[in-house]
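The values are calculated or read from the model by the stated rules, or taken from the named source; none is laboratory data. Source: prediction; values computed, not measured. In this analysis, Cβ positions are derived from the backbone assuming ideal geometry, glycine residues included, and neighbour counts consider all displayed protein chains. We work out accessible area using only protein heavy atoms, side chains counted, and drop any ligands, DNA or RNA first. Shrake-Rupley method; radii C 1.70, N 1.55, O 1.52, S 1.80 Å.
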Amino acid sequence: MNMATNTAETIGDNHQTVGTPFVDNAKLSMRNVNVFYGEKQAIFDVGMDIGTNEVMAMIGPSGCGKSTFLRCLNRMNDTIEGCRVEGDLNLEGEDIYGAKLDVVPLRARVGIVFQKPNPFPKSIYDNIAYGPRIHGLVSKRTELDEIVETSLQKAGLWNEVKDRLDAPGTGLSGGQQQRLCIARTIAVSPEVILMDEPCSALDPIATAKIEELIAELSENYTIAIVTHSMQQAARVSNRTAYFHLGKLIEVNETEKVFTNPDHQLTEAYITGRFG
Amino acid sequence: MNLTTLLLTLVALSAAIFYTSRRRSLSKAKALGGQHHLNSLPLYYGMMACLWCALPAISVLVIWSIFDGVIIERIIVQSLPNSSELTSSELGLLINSIQNYAANPGSLTEVSDPAIIQAAERLVDLNRVNAMARALLVLIFGVIFGAIAWTRVSPELRARQFVEKVFQSLLLLSSFVAVLVTVGIVFSVLFESLRFFSVIPVTDFVFGTHWSPQTAIHDGQVGGSGSFGAVPLFAGTLLISAIAMLVAVPTGLMSAIYLSEYADRRVRAIVKPMLEVLAGIPTVVYGFFAALTVAPTIRSFLEGVGFENVSSESALAAGGVMGIMIIPFVSSLSDDVINAVPNSLRDGSYGLGATKSETIKKVVIPAALPGIVGGILLAVSRAIGETMIVVMAAGLAANLTANPLESVTTVTVQIVTLLVGDQEFDSPKTLAAFALGLVLFLVTLTLNFIALHVVKKYREQYE
Ligand SMILES: Nc1ncnc2c1ncn2[C@@H]1O[C@H](COP(=O)(O)OP(=O)(O)OP(=O)(O)O)[C@@H](O)[C@H]1O
Ligand SMILES: [Mg+2]
């Protein structure tokens with residue numbers, strides 16, 4: 001609660017998100033979202049939309065709540081003890097936190113890729129096949145083979161691993177592992193892919209590959225990506241959201257955010273005055 | 001000077017040398033302009049001198065104590081008038097009475113032989129001289145070596161390296177002791193087994209199906225001819241261990257899954273220690289639980305169902321209770337490895353829309369499997385080596401059977417029965433115990449080896 005008053009002083013009590021947080025063709029729409037870890041509030045009254053087939057970048061200083069907010073979108077926060085989410089979150093008009101909603105299909109529709117690659121200690125093939133198998137998406141081995149191949153192809157990994165699908169996924173390089181995790185997510189044909197700093201453990205070449213991949217994926221998928229690299233946000237995203245101490249300060253076209261932001265806090269952050 | 005006083009004096013001496021050497025290093029450093037001129041911290045100079053003082057002195061003491069008793073005894077015996085005519089056992093008795101008389105003269109009024117009294121007085125004298133000489137020598141060693149070390153204290157002296165070397169050697173020595181003991185055990189068992197196998201062919205032992213180790217102790221005695229086919233024992237051991245594992249593995253594994261994945265923190269904090277208490281109960285207590293509670297219950301249940309002639313001792317009772325005993329081995333180790341599975345794997349699985357049970361079954365358990373297998377193997381070797389419960393609940397009859405309701409016996413139980421009571425240690429009957437021990441040792445060694453290897457592999461995967 002203490003934090004709330006402090007924030008109010010620095011940002012202004014009636015903080016309104018500036019820019020264009022809302023769009024017409026919203027895939028995900030969030031209104032008045034508050035998130036608490038026990039007593040401590042981590043997200044304050046955030047409202048925004050993510051459009052269909054849009055790439056939304058989320059930036060902000062460390063600890064400002066980007067991951068927390070991202071994890072709300074497919075209820076990954078459910079696994080954290082003491083975490084409580086308030087507000088309206090909708091996926092194509094369906095209440096994500098509604099009593100009727102089943103998280104299993106939700107997470108199949110809204111996939112997530114984590115900061116650190118976390119392939120299962122199984123073969124490359126089984127890593128990809130895991131999702132389709134548990135959701136019963138396929139009945140025949142040949143269909144499964146096909147899903148594995150197309151997912152790996154979309155993730156740009158097929159050529160590197162096609163001869164060793166039986167090798168353990170944990171034996172790949174960091175960048176390959178991260179692409180494997182993306183392929184694994186794609187394999188259950190989600191509509192939205194959430195990415196939490198997917199490149200922070202990777203070298204520039206692997207990062208470039210992933211960014212290319214994001215650009216390709218954005219034709220068919222809606223993507224929300226948390227990143228600490230402003231160049232990356234500028235390269236891959238359509239719109240950018242700036243978070244500060246749990247509040248959503250500004251959402252705008254990416255180009256505008258990085259050239260002529262509406263809010264002075266955004267400007268301070270992107271020009272490197274803090275964060 | 002008696003031993004305690006001597007040791008205390010030695011401690012005081014080394015403490016003094018520690019202190020003065022430390023002071024000396026400090027004052028030498030001061031003369032040069034500060035502590036940083038010293039090669040090592042002053043503490044190490046003190047410790048170095050202290051070790052120089054104590055170690056040679058203690059070595060002298062140890063060597064002295066090994067030989068002084070023997071030498072004094074020699075001197076006494078030689079002074080006896082007719083020692084050369086006595087047999088060794090008579091001599092032993094004589095020395096005993098001399099020692100007794102010397103320890104408390106007057107209490108043994110029957111001693112009238114003046115030679116004994118004289119010898120005893122001599123012994124007392126010798127002992128006094130011996131103690132004094134010992135103290136003198138030990139302290140002289142301590143002082144001389146301590147003093148040498150003290151004079152050698154100088155800023156260039158590499159005291160820390162010396163101290164570290166000494167302690168390193170001490171560590172090495174202690175681990176050596178453990179290894180030596182193990183090797184000693186192996187060889188003693190091995191040699192006795194070889195003696196056994198020189199009487200009974202190995203093949204009879206390993207493949208024979210009849211076990212009745214009673215042999216006639218002397219000619220003409222009515223007794224078994226002795227047959228040493230160990231297969232019934234191996235089978236009994238296997239049967240009981242299998243029953244124990246059937247109880248312990250599912251229960252232990254499932255409780256581990258519950259504790260690590262489902263239980264909230266408070267439940268876990270209470271249940272886990274309680275489960276581990278099971279491992280602390282003495283096996284003899286399990287034994288009478290099995291014999292007095294479980295076995296009769298099984299028996300009366302079976303008789304109620306219509307079986308006849310159910311024996312009151314059964315593999316089922318012993319194995320079942322043994323299974324309960326090793327639940328904590330399985331659950332505790334499995335719980336540890338399940339907890340060691342990184343949360344990022346669980347998140348990855350949930351993120352793909354897997355349910356909790358799918359995540360546990362398809363990601364967590366497979367990832368933890370090598371560790372779990374390692375834990376189970378350790379539990380198996382524990383089950384195979386367990387004796388007390390089986391003695392009390394499964395009986396002694398060496399039946400070759402797969403029926404868990406019959407009474408069976410195990411390798412360990414037979415070792416015990418072969419060796420209890422008055423036995424000659426060179427009859428095949430007692431030697432058989434060593435052969436059984438050897439088999440047991442080899443089996444558990446192999447299991448432990450595999451288990452440790454598997455667990456280590458698993459650790460490497462995540463650390
Ligand atoms: N599991 C948790 N329990 C309690 N508090 C948490 C937990 N996770 C995050 N927080 C708190 O919530 C706030 C937001 O954290 P979050 O991880 O969302 O920040 P972030 O913007 O992703 O930071 P970073 O850029 O460093 O990843 C922080 O103050 C953090 O301390
Ligand atoms: Mg984060």
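Over region B:1-143, consider all pairs of different Cα atoms and compute the Kirkwood hydrodynamic radius from their mean reciprocal separation; express it in Å, one decimal.
Numbers: mean 1/r = 0.0542 Å⁻¹.
One decimal place: 18.4 Å for the Kirkwood radius.
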Point to revise | Debye log10 I(q)/I(0) at q = 0.26, 0.32 Å⁻¹ for region A:222-275, Cα point scatterers | key: -1.15, -1.63
Check your understanding: Taking only Cα atoms, what is the 0 to 90° angle, nearest 10, from helix A:204-217's long axis to the longest principal axis of chain A?
Key -> 90
Point to revise | Equivalent ellipsoid semi-axes - Cα gyration tensor, region B:72-164, angstrom | key: 47, 14, 11
Study note, to complete from the structure: Under Stokes-Einstein, the protein assembly as shown at 37 °C and 0.692 mPa s, with its Kirkwood radius over C-alpha pairs, diffuses with a coefficient in µm²/s of 96
Practice item. Output the antiparallel fraction of DSSP beta bridges having both residues in chain A, as a percent to the nearest 5. Key: 55
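Can you tell me how much longer the chain between B:VAL416 and B:ARG266 gets when fully stretched, taken as 0.36 nm per residue apart minus their C-alpha distance, in nm with one decimal?
49.6 nm
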Review point. Out of region A:70-172, which GluC sites (Glu not before Pro) are coil in DSSP terms and have no more than 10 other C-beta atoms within 10 Å?
Key: A:GLU81
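Using 0.36 nm times the number of residues separating B:GLN214 and B:LEU93, minus their current alpha carbon distance, what extension gain do you get?
Values: separation 121, 0.36 × 121 = 43.56 nm, distance 3.67 nm.
Computed gain between B:GLN214 and B:LEU93 is 39.9 nm.
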Study note, to complete from the structure: Correct semi-axes for region B:248-379, from √(5λ) of the alpha-carbon gyration tensor and rounded to whole Å with the largest first, are 36, 16, 13
Check your understanding: Once you put a point 7 Å from the Cα of B:GLU73 and another 7 Å from the Cα of B:LEU369, both along the Cβ direction, what distance in nm separates them?
Key -> 6.3
Exercise for review: Calculate, for A:ARG141 and B:LYS361, the FRET efficiency according to 1/(1 + (r/R0)^6) with r their C-beta to C-beta distance and R0 22 Å; round to the nearest 0.05.
Suggested key: 0.60
Exercise for review: In Å and from the alpha-carbon atoms only, list the Rg and Dmax of region A:119-191.
Suggested key: 10.9, 32
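In the calculated pair distance distribution of chain A, what percentage of Cα-Cα distances lie above 35 Å? Could you put the intermediate results ahead of the total?
Details: 6410 of 37675 pairs.
Across chain A, Cα pairs with separations above 35 Å total 17 percent.
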Review point. In the structure shown, do any of A:LYS40/B:LYS362; A:LYS122/B:LYS456; A:LYS154/A:LYS247; A:LYS27/A:LYS140; A:LYS27/A:LYS66 have a Cα-Cα gap over 28 Å, and if so which?
Key: A:LYS40/B:LYS362; A:LYS154/A:LYS247; A:LYS27/A:LYS140
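Apply 1/(1 + (r/R0)^6) to the Cβ-Cβ distance of B:ARG152 and B:HIS36, taking R0 = 22 Å, and write down the FRET efficiency to the nearest 0.05. Spell out each step's value before the answer.
On the way: r = 21 Å, r/R0 = 0.94.
The formula returns an efficiency of 0.60 here.
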Exercise for review: Between B:LEU396 and A:ALA268, with labels modelled 7 Å along Cα→Cβ, what's the label distance in nm to one decimal, could you check?
Suggested key: 8.8
Exercise for review: Tell me which residues come under 5 Å, amide H to amide H, from A:SER123 once H is placed; ignore anything under 5 positions away on its chain.
Suggested key: A:GLY169
Review point. Quick one: if the Förster radius is 22 Å, what FRET efficiency do B:LEU171 and B:ASN448 give, using the C-beta to C-beta distance and rounding to 0.05?
Key: 0.40
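Could you state the per residue volume, in Å³, of the convex hull enclosing the Cα atoms of region B:145-203?
Spread over its residues, the Cα hull of region B:145-203 gives 106 Å³ apiece.
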Practice item. Using only the alpha-carbon atoms of region B:369-413, report the extent along each of the three principal axes, biggest first, to the nearest angstrom. Key: 37, 21, 14
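Scan region B:148-202 for trypsin sites (Lys or Arg not before Pro) in coil per DSSP, keeping those whose Cβ has at most 13 other Cβ atoms within 10 Å, and list them by number. Let's see the in-between values first.
Working: sites: B:ARG152, B:ARG158, B:ARG160, B:LYS165, B:ARG195; in loops: B:ARG158.
Of the trypsin sites (Lys or Arg not before Pro), the ones in loops of region B:148-202 whose Cβ has at most 13 other Cβ atoms within 10 Å are B:ARG158.
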**Study point:** Helical segments meeting 27 Å axial Cα length and Kyte-Doolittle 1.6 threshold in chain B (DSSP H)
**Key:** B:231-257, B:365-385
**Study point:** Zone of B:VAL179's modelled label, taken as backbone nitrogen in region B:429-443 under 16 Å from a point 7 Å along Cα→Cβ
**Key:** none
Practice item. Would you please give the residues with an amide H less than 5 Å from that of A:MET195, counting only those at least 5 places away or on a separate chain, with H modeled from the backbone geometry? Key: A:VAL113, A:ALA224, A:ILE225, A:VAL226
Practice item. Starting from one equal scatterer on each C-alpha and no solvent at all, send me the Debye-based log10 I(q)/I(0) for region A:129-239 at q = 0.19 Å⁻¹, two decimals. Key: -1.01
Study note, to complete from the structure: Eigenvalues of the alpha-carbon gyration tensor of region B:227-462, times 5 and square-rooted, give semi-axes in Å, largest first, of 37, 22, 15
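Restricting to Cα atoms and excluding each atom paired with itself, what does the Kirkwood estimate give for region A:1-152 in Å? List each step's numbers first, then the result.
Working: mean 1/r = 0.0559 Å⁻¹.
Averaging 1/r across every pair of different Cα atoms and inverting gives 17.9 Å.
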Review point. With each label point set 7 Å from Cα along the Cα-Cβ vector, what nm distance links A:GLU149 and B:ILE66?
Key: 7.8
Check your understanding: When the helices in chain A are scored as -39500 (n - 2.57) per DSSP H run of 4 or longer and the sum is shared across all residues, what 222 nm value do you end up with, to the nearest 500 deg cm²/dmol?
Key -> -10500 deg cm²/dmol
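Express the Stokes-Einstein translational diffusion coefficient of chain B in µm² s⁻¹, to the nearest whole number, given a Kirkwood radius over alpha-carbon pairs, 25 °C and a viscosity of 0.890 mPa s. Please report the intermediate quantities before stating the final value.
Values: Rh = 29.0 Å.
Stokes-Einstein gives a translational diffusion coefficient of 85 µm²/s.
Taking K and R as +1 and D and E as -1, what net charge do the other residues with C-beta under 14 Å from the C-beta of A:LEU73 add up to? List each step's numbers first, then the result.
On the way: positive: A:LYS27, A:ARG31, A:LYS66, A:ARG71, A:ARG75, A:ARG107, A:ARG109; negative: A:ASP49, A:GLU54, A:ASP78, A:ASP88, A:GLU92, A:GLU94, A:ASP95, A:GLU191, A:ASP196.
Net of charged neighbours comes to -2.
Based solely on its DSSP helices, what 222 nm [θ] is calculated for chain B when runs of n ≥ 4 H residues each add -39,500 (n - 2.57) and the sum is averaged over all residues, nearest 500 deg cm²/dmol? List each step's numbers first, then the result.
Working: 17 runs with 341 residues, N = 463.
Mean residue ellipticity at 222 nm (helix-derived): -25500 deg cm²/dmol.
Longest segment of chain A with no trypsin sites (Lys or Arg not before Pro) in a DSSP loop having at most 10 other Cβ atoms within 10 Å? Show your work: numbers first, answer last.
Numbers: sites that count: A:LYS100, A:LYS140, A:ARG273.
The reported range is A:141-272.
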Point to revise | Area of B:THR283 that stays accessible when all protein chains are in place (1.4 Å probe, Å², to 10) | key: 40
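Write out the GluC sites (Glu not before Pro) in region A:179-275 meeting two conditions: DSSP loop, and at most 11 other Cβ atoms within 10 Å of their Cβ.
Working: sites: A:GLU191, A:GLU211, A:GLU212, A:GLU216, A:GLU219, A:GLU250, A:GLU253, A:GLU255, A:GLU267; in loops: A:GLU191, A:GLU219.
Loop-located and lightly packed - A:GLU219.
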